[in-house]
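Reviewing the structure listed below.
The values are calculated or read from the model by the stated rules, or taken from the named source; none is laboratory data. Keep in mind it's a predicted model, so treat the numbers as computed, not measured. When we count neighbours, we look across all protein chains shown, and the Cβ atoms used for this are built from the backbone with ideal geometry, even at glycine. Only protein heavy atoms, including side chains, enter the accessible area calculation; ligands, DNA and RNA are left aside. Shrake-Rupley method; radii C 1.70, N 1.55, O 1.52, S 1.80 Å.
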Amino acid sequence: DNTLTTRKGASANIAFVPKDFQVSLSAPPPARDFYYANENFSATANARDFNDTTIANYQGTVSFSGSGLNLPANYTFASSDSGSHTFSGINGPADATTTLSLSDTGFTTVTGTSSGITIKSATIRVVSTTGPVGPVNVQVQIVDSQGNIITSDNSSTFTVTVTEFIKDNSSSSRATSQKVTVSQGVAFITVSDSQAETVTITAASDPLLTVSAGVVRFGTVSGGGVGVQ
(Lines give C-alpha, C1' and ligand atoms only; values in the text may rest on other atoms or scores of the structure.)
Protein backbone atom coordinates (compact mmCIF):
# COMPACT_ATOMS: atom_id res chain seq x y z
CA ASP A 1 0.00 0.00 0.00
CA ASN A 2 1.36 3.42 -0.95
CA THR A 3 0.39 4.94 2.39
CA LEU A 4 0.56 1.99 4.74
CA THR A 5 3.82 0.69 3.36
CA THR A 6 3.97 -2.25 5.73
CA ARG A 7 0.93 -3.74 3.99
CA LYS A 8 2.47 -6.04 1.40
CA GLY A 9 1.66 -9.21 -0.49
CA ALA A 10 3.61 -11.57 -2.73
CA SER A 11 2.62 -14.44 -5.01
CA ALA A 12 4.01 -17.92 -4.83
CA ASN A 13 7.08 -18.58 -6.97
CA ILE A 14 6.36 -18.41 -10.69
CA ALA A 15 8.13 -21.03 -12.81
CA PHE A 16 8.82 -20.28 -16.46
CA VAL A 17 9.29 -23.60 -18.26
CA PRO A 18 9.63 -24.70 -21.89
CA LYS A 19 6.51 -25.24 -23.95
CA ASP A 20 8.00 -28.48 -25.33
CA PHE A 21 11.08 -30.10 -26.85
CA GLN A 22 11.78 -30.42 -30.53
CA VAL A 23 13.43 -33.81 -31.18
CA SER A 24 15.30 -34.17 -34.49
CA LEU A 25 16.93 -37.44 -35.59
CA SER A 26 20.05 -37.90 -37.66
CA ALA A 27 19.07 -39.22 -41.09
CA PRO A 28 19.87 -42.77 -42.21
CA PRO A 29 22.24 -43.10 -45.19
CA PRO A 30 20.80 -42.01 -48.57
CA ALA A 31 17.87 -44.05 -49.98
CA ARG A 32 17.19 -45.66 -46.59
CA ASP A 33 14.30 -44.62 -44.37
CA PHE A 34 15.30 -47.00 -41.56
CA TYR A 35 18.23 -47.94 -39.32
CA TYR A 36 19.73 -51.40 -39.08
CA ALA A 37 19.70 -53.21 -35.74
CA ASN A 38 22.58 -51.91 -33.57
CA GLU A 39 23.28 -49.07 -36.02
CA ASN A 40 23.87 -45.90 -33.99
CA PHE A 41 22.03 -42.69 -34.70
CA SER A 42 21.70 -39.41 -32.82
CA ALA A 43 18.89 -37.15 -31.64
CA THR A 44 19.04 -33.40 -31.03
CA ALA A 45 16.67 -31.93 -28.42
CA ASN A 46 15.82 -28.21 -28.37
CA ALA A 47 13.92 -26.70 -25.44
CA ARG A 48 11.38 -24.32 -27.03
CA ASP A 49 9.33 -21.38 -25.79
CA PHE A 50 5.79 -20.36 -26.74
CA ASN A 51 7.04 -19.01 -30.09
CA ASP A 52 9.03 -22.22 -30.88
CA THR A 53 12.32 -20.41 -30.24
CA THR A 54 15.10 -22.29 -28.46
CA ILE A 55 15.40 -21.23 -24.80
CA ALA A 56 19.10 -20.41 -24.41
CA ASN A 57 19.19 -20.56 -20.59
CA TYR A 58 17.30 -23.86 -20.14
CA GLN A 59 19.16 -26.05 -17.64
CA GLY A 60 16.62 -28.71 -16.69
CA THR A 61 17.13 -32.48 -16.51
CA VAL A 62 15.53 -34.74 -19.11
CA SER A 63 14.74 -38.47 -19.18
CA PHE A 64 14.08 -40.66 -22.22
CA SER A 65 11.62 -43.33 -23.30
CA GLY A 66 11.23 -45.37 -26.46
CA SER A 67 10.12 -48.98 -26.90
CA GLY A 68 12.78 -51.18 -28.47
CA LEU A 69 15.59 -48.63 -28.17
CA ASN A 70 18.82 -48.45 -26.19
CA LEU A 71 18.31 -45.04 -24.60
CA PRO A 72 20.63 -42.29 -23.33
CA ALA A 73 20.95 -41.76 -19.59
CA ASN A 74 19.21 -38.81 -17.92
CA TYR A 75 20.92 -35.57 -18.83
CA THR A 76 21.04 -32.11 -17.23
CA PHE A 77 21.42 -29.30 -19.76
CA ALA A 78 24.45 -27.10 -19.13
CA SER A 79 24.76 -23.39 -19.81
CA SER A 80 27.09 -24.25 -22.71
CA ASP A 81 24.24 -26.18 -24.41
CA SER A 82 22.28 -22.95 -24.95
CA GLY A 83 19.07 -24.98 -24.81
CA SER A 84 20.08 -27.57 -27.42
CA HIS A 85 21.91 -30.86 -26.97
CA THR A 86 22.71 -33.81 -29.27
CA PHE A 87 22.54 -37.34 -27.86
CA SER A 88 24.53 -39.97 -29.76
CA GLY A 89 24.86 -43.74 -29.56
CA ILE A 90 21.12 -44.47 -29.76
CA ASN A 91 20.17 -47.76 -31.43
CA GLY A 92 17.75 -50.66 -31.41
CA PRO A 93 18.77 -54.33 -31.05
CA ALA A 94 15.95 -55.87 -33.13
CA ASP A 95 13.09 -55.16 -35.54
CA ALA A 96 10.99 -52.30 -34.19
CA THR A 97 8.74 -49.40 -35.19
CA THR A 98 8.91 -46.78 -32.46
CA THR A 99 9.61 -43.17 -31.46
CA LEU A 100 12.02 -41.46 -29.07
CA SER A 101 10.49 -39.25 -26.38
CA LEU A 102 11.95 -37.13 -23.59
CA SER A 103 10.49 -35.12 -20.74
CA ASP A 104 11.66 -32.68 -18.10
CA THR A 105 12.02 -34.63 -14.83
CA GLY A 106 10.86 -31.66 -12.77
CA PHE A 107 7.95 -30.65 -15.02
CA THR A 108 6.81 -33.89 -16.60
CA THR A 109 4.22 -32.20 -18.82
CA VAL A 110 7.09 -30.63 -20.77
CA THR A 111 7.77 -33.32 -23.38
CA GLY A 112 8.91 -33.91 -26.94
CA THR A 113 8.67 -36.84 -29.37
CA SER A 114 10.63 -37.64 -32.50
CA SER A 115 9.26 -38.69 -35.86
CA GLY A 116 8.79 -42.43 -36.45
CA ILE A 117 11.81 -44.72 -36.16
CA THR A 118 12.09 -48.04 -38.02
CA ILE A 119 14.71 -50.60 -36.97
CA LYS A 120 15.41 -53.59 -39.25
CA SER A 121 17.41 -56.72 -38.49
CA ALA A 122 19.50 -57.70 -41.49
CA THR A 123 22.01 -60.30 -42.64
CA ILE A 124 24.78 -60.19 -45.21
CA ARG A 125 24.17 -63.38 -47.19
CA VAL A 126 26.98 -64.74 -49.36
CA VAL A 127 25.46 -66.85 -52.15
CA SER A 128 27.41 -70.10 -52.59
CA THR A 129 28.55 -70.95 -56.12
CA THR A 130 30.91 -73.09 -58.19
CA GLY A 131 33.35 -72.31 -60.94
CA PRO A 132 36.62 -73.21 -62.63
CA VAL A 133 40.01 -72.48 -61.13
CA GLY A 134 40.62 -68.77 -61.53
CA PRO A 135 38.28 -65.83 -60.95
CA VAL A 136 34.65 -66.46 -59.97
CA ASN A 137 31.93 -63.86 -59.43
CA VAL A 138 30.12 -64.15 -56.11
CA GLN A 139 26.86 -62.41 -55.24
CA VAL A 140 26.42 -60.91 -51.78
CA GLN A 141 22.98 -59.82 -50.61
CA ILE A 142 21.63 -57.84 -47.68
CA VAL A 143 18.39 -59.49 -46.57
CA ASP A 144 15.83 -58.72 -43.88
CA SER A 145 14.60 -61.07 -41.15
CA GLN A 146 12.22 -62.71 -43.66
CA GLY A 147 15.03 -63.38 -46.13
CA ASN A 148 13.98 -60.67 -48.60
CA ILE A 149 16.63 -58.53 -50.30
CA ILE A 150 16.54 -54.97 -48.94
CA THR A 151 16.39 -53.20 -52.30
CA SER A 152 16.30 -49.72 -50.75
CA ASP A 153 19.89 -50.09 -49.50
CA ASN A 154 22.38 -48.40 -51.82
CA SER A 155 24.93 -47.35 -49.22
CA SER A 156 26.03 -50.24 -46.96
CA THR A 157 29.61 -51.41 -47.44
CA PHE A 158 31.49 -54.57 -46.57
CA THR A 159 34.89 -56.22 -46.95
CA VAL A 160 35.49 -59.86 -47.76
CA THR A 161 37.47 -62.63 -46.04
CA VAL A 162 38.43 -65.89 -47.77
CA THR A 163 39.27 -69.07 -45.81
CA GLU A 164 40.59 -72.17 -47.59
CA PHE A 165 39.09 -75.55 -46.75
CA ILE A 166 42.54 -77.14 -47.02
CA LYS A 167 45.09 -74.74 -45.60
CA ASP A 168 48.76 -74.49 -46.52
CA ASN A 169 48.40 -76.43 -49.77
CA SER A 170 50.47 -73.89 -51.71
CA SER A 171 47.37 -72.50 -53.41
CA SER A 172 46.57 -68.84 -53.66
CA SER A 173 43.12 -67.49 -52.71
CA ARG A 174 42.17 -63.87 -52.89
CA ALA A 175 39.13 -61.64 -53.08
CA THR A 176 38.29 -58.00 -53.54
CA SER A 177 40.30 -56.19 -50.88
CA GLN A 178 38.66 -52.78 -50.96
CA LYS A 179 35.27 -52.01 -49.51
CA VAL A 180 32.31 -52.87 -51.74
CA THR A 181 29.03 -50.94 -51.69
CA VAL A 182 25.71 -52.59 -52.41
CA SER A 183 23.32 -51.42 -55.12
CA GLN A 184 19.66 -52.20 -54.40
CA GLY A 185 20.82 -54.54 -51.66
CA VAL A 186 23.17 -56.59 -53.84
CA ALA A 187 26.90 -56.51 -54.60
CA PHE A 188 29.19 -58.69 -56.70
CA ILE A 189 32.74 -59.58 -55.77
CA THR A 190 35.42 -61.47 -57.62
CA VAL A 191 37.08 -64.37 -55.80
CA SER A 192 39.95 -66.31 -57.38
CA ASP A 193 41.93 -69.45 -56.53
CA SER A 194 44.93 -71.11 -58.14
CA GLN A 195 43.88 -74.67 -57.28
CA ALA A 196 40.76 -76.83 -57.26
CA GLU A 197 39.41 -76.56 -53.72
CA THR A 198 36.61 -75.14 -51.59
CA VAL A 199 36.90 -71.75 -49.90
CA THR A 200 34.59 -70.07 -47.43
CA ILE A 201 33.57 -66.47 -48.08
CA THR A 202 32.52 -64.22 -45.20
CA ALA A 203 32.19 -60.46 -44.85
CA ALA A 204 32.39 -57.63 -42.36
CA SER A 205 30.23 -54.56 -42.82
CA ASP A 206 29.69 -50.99 -41.74
CA PRO A 207 27.23 -50.89 -39.98
CA LEU A 208 28.00 -54.23 -38.35
CA LEU A 209 25.47 -56.80 -39.60
CA THR A 210 25.01 -60.52 -39.04
CA VAL A 211 26.82 -62.55 -41.70
CA SER A 212 25.72 -65.77 -43.40
CA ALA A 213 28.87 -67.14 -45.03
CA GLY A 214 28.92 -68.95 -48.36
CA VAL A 215 31.33 -71.27 -50.14
CA VAL A 216 32.92 -71.30 -53.57
CA ARG A 217 33.93 -74.65 -55.05
CA PHE A 218 36.77 -74.12 -57.50
CA GLY A 219 37.53 -76.74 -60.13
CA THR A 220 34.13 -77.70 -61.51
CA VAL A 221 34.40 -78.10 -65.29
CA SER A 222 31.18 -78.41 -67.28
CA GLY A 223 30.83 -80.12 -70.66
CA GLY A 224 28.46 -82.51 -72.34
CA GLY A 225 26.13 -82.49 -69.36
CA VAL A 226 28.87 -83.84 -67.03
CA GLY A 227 30.36 -81.89 -64.16
CA VAL A 228 33.76 -83.02 -62.88
CA GLN A 229 35.02 -81.90 -59.46
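Rundown of residues vs (1) in contact with a Leu (Cβ under 6 Å, 6 or more places away or on another chain); (2) of a type outside the set (A, V, I, L, M, F, W, C); (3) in a strand (DSSP E or B); (4) within 30 Å of ILE124 (Cβ to Cβ), yes/no style:
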residue: THR6; (1), (2), (3), (4): no, yes, no, no
residue: GLY9; (1), (2), (3), (4): no, yes, no, no
residue: ILE14; (1), (2), (3), (4): no, no, no, no
residue: PRO28; (1), (2), (3), (4): no, yes, no, yes
residue: ARG32; (1), (2), (3), (4): no, yes, no, yes
residue: GLU39; (1), (2), (3), (4): no, yes, no, yes
residue: ALA43; (1), (2), (3), (4): yes, no, yes, yes
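Condition first: assigned to a strand (DSSP E or B) and either farther than 17 Å from PHE64 by Cα or in contact with an Asp or Glu (Cβ under 9 Å, 6 or more places away or on another chain) (or both). Now tell me which residues in segment 16-26 satisfy that.
Within segment 16-26, ASP20, PHE21, GLN22 qualify.
Determine which member of the set ALA73, ALA37, ALA96 is surrounded by fewer than 19 Cβ atoms within 10 Å (Cβ to Cβ) and under 30 Å from VAL182 (Cα atoms).
ALA96
Among the residues that make up segment 14-22, is at least one of them open to solvent by 30 Å² or more (accessible area, probe 1.4 Å), under 30 Å from SER155 (Cα atoms) and modelled with pLDDT of 95 or more?
Yes, some residue in segment 14-22 is open to solvent by 30 Å² or more (accessible area, probe 1.4 Å), under 30 Å from SER155 (Cα atoms) and modelled with pLDDT of 95 or more.
Considering only segment 56-70, state which residues are surrounded by 14 or more Cβ atoms within 10 Å (Cβ to Cβ) and either of a type outside the set (A, V, I, L, M) or not in a strand (DSSP E or B) (or both).
TYR58, GLY60, SER63, PHE64, SER65, GLY66, GLY68, LEU69
Which residue pairs have Cβ atoms closer than 7 Å, lie 6 or more positions apart in sequence or on different chains, and pair a first residue in segment 104-130 that is without any contact (Cβ under 8 Å) to a residue 60 or more places away in the chain with a second residue that is open to solvent by 60 Å² or more (accessible area, probe 1.4 Å)?
Every condition considered, the pairs that remain are THR105/ASN74; GLY116/THR97.
Do you know which residues across segment 30-74 are modelled with pLDDT of 95 or more, of a type in the set (D, E, K, R) and more than 18 Å from THR105 (Cα to Cα)?
Across segment 30-74, the qualifying residue is only ASP52.
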